[in-house]
Amino acid sequence: MQAAPVRATAIPSFTDALRAVESLLMGSGQRTARRNAWTSVLEDRRRAKDRVEAERVLERTPAPRL
C-alpha cells in the first residue's frame, strides 16, 4: 500500500484569500487608500486609549496646594 502524496504548497490563510479577492476587485490605488484609512483608524484608537489613560492619571494626582 502506498502512502498518500504530500502536498507541497501551503493552504492559504483566510487573510491571504481575502487579499487575493481584494486584488482582483480593486485597483492598487483603492487598496492603498483602504489600508491607509484602516491605519488611521487604528492610530485614532491608540490616541484615544492614551488620552483616557492620561485623564485617569491626572484624576489620581492630587492638586497642588497654594
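Worth pointing out:
- Scanning the stretch 36-66 for residues that are open to solvent by less than 100 Å² (accessible area, probe 1.4 Å), modelled with pLDDT of 85 or more and of a type outside the set (S, T, N, Q) returns A37, V41, L42, E43, D44, A48, D50, V52, E53, A54, E55, V57.
- The set of residues in the stretch 22-35 being assigned to a helix (DSSP H, G or I) and surrounded by 10 or more Cβ atoms within 10 Å (Cβ to Cβ) consists of E22, S23, Q30, R31, T32, A33, R34, R35.
The values are calculated or read from the model by the stated rules, or taken from the named source; none is laboratory data. None of these values were measured; they are calculated from a predicted model. Ideal geometry is used to build each Cβ from the backbone, glycine not excepted, and the neighbour counts take in all protein chains shown. Accessible surface is based on the protein model in full, side chains and every heavy atom, while ligands, DNA and RNA are left aside. Shrake-Rupley method; radii C 1.70, N 1.55, O 1.52, S 1.80 Å.
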